[in-house]
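Take a look at the structure below.
The values are calculated or read from the model by the stated rules, or taken from the named source; none is laboratory data. The structure displayed is predicted, hence computed values, not measured ones. Positions of Cβ are generated from backbone atoms using ideal geometry, with glycine treated the same way; all protein chains shown enter the neighbour counts.
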Amino acid sequence: MTGQQQVGIGTRLAARLVDGVVVAPLLGGGYALLLLADGLPALLGVALVVLAVAFSFYNQVVRVGRRGQSIGKQVLGLRVQDQDTGAPVGVGRALGRDFVFGLLFAACWVPGLANVVITARDLRRQGWHDKAVRSVVVATGDRAPAVAPADPATGAAAYNPSAPPAAPVSAPPPPPTTGGRPQEETVTPAAKATPPTGMVVGPPPGVVPPPPEPSTPPESSTPVEQTVTPDVAATPSPSPAQPSPAWRLTTAAGPSHVLDGPLLVGRDPDPDLVAGAAAWALDDPQLTMSKTHALLGVEDGTAWVEDWHSTNGVTLHRDTAATALEPHSRTTLREGDVVEFGAFTVTVEVDR
């Protein structure tokens, strides 16, 4: 995945240190009872050690596989995810990742230290345990990069999820007509001037006039009325209202859903939470989605999405940038966007 910040080795080691501090009281107390006591206290020590191991498994494997975060990673704002899709890696891959990491330190410290050095120098900050399961560790929350700002060379505006869509520009009204029909106007052409009959105009003194031309009967000076219908440009009829675009959500596995009203998405969303809402339940055996994960809808022909304070959040992928959405804050969608709900990615399409 592009558009997310890989995390340095120092922060990652600090997260593992926090995980160790969380389980240290259980593990230390259990070993102390085993070494210093007998009978019932020793059995209590065994129980504490078993509880510490079980909690470590849940924290480092189950939580990382389903949510991408152990307690330490959550405290420091880190997340383990698939290097290609950005989804959680699942419990099986999380177990393999932690097994490789522990194995490198179990036999000898040299391979483990070499793995730390490789993680620090790798371009994507991937150690051998990350490469084994194709995972990366990225920053989440405030560490996640925002959508790219406006390009100063082109002046293209940056995408602002909270900005309302631009108001449509309406066409100017057609020019008024009288009674629905063009008016007719009467034009009286000027009468052709004719000299008065019998009038003789003499030449100046000393000038011999030319021979007279044959006289022609005078034209009638009566004005003739003529009705002319001017050419009136056809008044364009107002274009019919364009239908609102039909928005469609399509998962990577193929199933899709037409977005024509409020839609609740999750493992088992409750449509009664929003009046008139439909429910779209997605099969999520790894429990990466919340029961009611997000709310989507359409307003004034524009689609939007809202994170309903889900456990793993909602991430918007646009072009090469990825943005973690704020809970209960509507974000405008556009065609081609990819929205991530846990392990599921949904592509926003428009049917034309």
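Yes or no, residue by residue, for (1) closer than 17 Å to Ala15 by Cα; (2) aliphatic (A, V, I, L, M); (3) crowded, with 19+ Cβ neighbours inside 10 Å:
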{"residue": "Gly68", "(1), (2), (3)": "yes, no, yes"}
{"residue": "Lys73", "(1), (2), (3)": "yes, no, yes"}
{"residue": "Arg79", "(1), (2), (3)": "yes, no, yes"}
{"residue": "Asp84", "(1), (2), (3)": "no, no, no"}
{"residue": "Pro88", "(1), (2), (3)": "no, no, yes"}
{"residue": "Arg93", "(1), (2), (3)": "no, no, yes"}
{"residue": "Arg97", "(1), (2), (3)": "yes, no, yes"}
{"residue": "Gly102", "(1), (2), (3)": "yes, no, no"}
{"residue": "Cys108", "(1), (2), (3)": "no, no, no"}
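Mind checking which pairs have a first residue in segment 44-60 that is in the same structural domain as Gly92 (by TED's automatic domain parsing) and a second that is surrounded by 13 or more Cβ atoms within 10 Å (Cβ to Cβ) and of a type in the set (Asp, Glu), Cβ under 9 Å, 6 or more apart or different chains?
Ser56/Asp19; Phe57/Asp98; Asn59/Asp19; Gln60/Asp19; Gln60/Asp98
The conditions are (1) assigned to a helix (DSSP H, G or I); (2) more than 24 Å from Val117 (Cα to Cα); (3) touching a residue at least 60 places away in the same chain (Cβ under 8 Å), and Arg12 fails exactly one of them. Which is it?
Failed condition: (2).
Please determine whether any residue of segment 285-308 is basic (Lys, Arg) and within 21 Å of Arg63 (Cβ to Cβ).
The answer is yes, given that some residue of segment 285-308 is basic (Lys, Arg) and within 21 Å of Arg63 (Cβ to Cβ).
Any residue at all in segment 291-303 that is surrounded by fewer than 18 Cβ atoms within 10 Å (Cβ to Cβ), assigned to a strand (DSSP E or B) and touching a residue at least 60 places away in the same chain (Cβ under 8 Å)?
Checking segment 291-303: at least one residue is surrounded by fewer than 18 Cβ atoms within 10 Å (Cβ to Cβ), assigned to a strand (DSSP E or B) and touching a residue at least 60 places away in the same chain (Cβ under 8 Å).
Report yes if some residue within segment 257-271 is modelled with pLDDT of 75 or more, of a type in the set (Gly, Ala, Ser) and not assigned by TED's automatic domain parsing to the domain that holds Arg66; otherwise report no.
Checked against the condition, which is being modelled with pLDDT of 75 or more, of a type in the set (Gly, Ala, Ser) and not assigned by TED's automatic domain parsing to the domain that holds Arg66, segment 257-271 yields at least one hit.
What's the number of the condition Gly20 fails, among (1) within 47 Å of the chain's Cα centre (by Cα); (2) crowded, with 18+ Cβ neighbours inside 10 Å?
It is condition (2) that Gly20 fails.
Would you be able to say whether some residue in segment 249-263 is more than 22 Å from Thr311 (Cβ to Cβ), touching a Leu at 6+ places or on another chain (Cβ under 8 Å), of a type in the set (A, V, I, L, M, F, W, C) and buried (at least 17 other Cβ atoms within 10 Å of the Cβ)?
yes
Considering only segment 103-117, how many residues are among the small types (Gly, Ala, Ser) and over 15 Å from Gly127 (Cβ atoms)?
So the answer is 2.
Residue check: is Val49 at pLDDT 85 or above and in contact with a strand residue (DSSP E or B) (Cβ under 9 Å, 6 or more places away or on another chain)?
Here the answer is no, as Val49 does not meet what is asked.
Residue check: is Arg66 closer than 18 Å to Thr311 by Cβ and not in a helix (DSSP H, G or I)?
No: the conditions fail for Arg66.
Just to be sure I understand, how many residues within segment 75-133 are in a helix (DSSP H, G or I) and without any contact (Cβ under 8 Å) to a residue 60 or more places away in the chain?
Matching residues across segment 75-133 total 31.
Does segment 305-323 hold any residues that are assigned to a loop (DSSP other than H, G, I, E, B), small (Gly, Ala, Ser) and at negative phi, and which are they?
Ser310
Provide a single number: the residues in segment 273-308 that are out of contact with any strand residue (DSSP E or B) (no Cβ under 8 Å at 6 or more places or on another chain) and among the hydrophobic types (A, V, I, L, M, F, W, C).
Residues that pass the stated criteria total 2.
Can you tell me which residue is surrounded by the fewest Cβ atoms within 10 Å (Cβ to Cβ) among those in segment 265-284 that are part of a strand (DSSP E or B) and in contact (Cβ under 8 Å) with a residue 40 or more places away in the chain?
Gly266
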